[in-house]
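J.: Quick one: this structure, given as structure tokens, is what I'll be asking you about.
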Amino acid sequence: MSVAEVKEPCSLPMLSVDMENKENGSVGVKNSMENGRPPDPADWAVMDVVNYFRTAGFEEQAHAFQEQEIDGKSLLLMTRNDVLTGLQLKLGPALKIYEYHVKPLQTKHLKNNSS
């Protein structure tokens, strides 16, 4: 890859939550979308997972998630070994995918759902 081919890091917009006032004074939270995907990875379809990894700069590797039919629930269940060996990815990208994407999504999901 030449220097001219290096892509700038992509920035993902922050999740926005729409609030609406109810007649009784309570505030309801509407489900919003983040880059066309539901905010909770557990609700992602296979194509949401694929698009997430494409957006993150893993165009070639995203295809493996589609081939293996990895949806959001499956993604949240994946172990490091699943990503490193089960998807048949090159080691470098597989490590980055697990450490910088899968693991943080799992941690965030657990934190948001442990009440």
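J.: Applying the selection to segment 37-93, what residues are within 13 Å of the chain's Cα centre (by Cα), part of a loop (DSSP other than H, G, I, E, B) and modelled with pLDDT of 95 or more?
T.: Result: 44, 45, 56, 57, 58, 70, 71, 78.
J.: Search segment 85-103 for residues that are free of Cβ contacts under 8 Å to residues at least 24 places away in the same chain and closer than 17 Å to residue 51 by Cα and pair each with any residue that is in a helix (DSSP H, G or I) and among the basic types (Lys, Arg) when their beta-carbon atoms are under 6 Å apart and the residues are at least 6 apart or on different chains.
T.: Correct list of pairs: 98/80.
The values are calculated or read from the model by the stated rules, or taken from the named source; none is laboratory data. Just so it is clear, the structure is predicted and the values come from calculations on it, not from any experiment. When we count neighbours, we look across all protein chains shown, and the Cβ atoms used for this are built from the backbone with ideal geometry, even at glycine.
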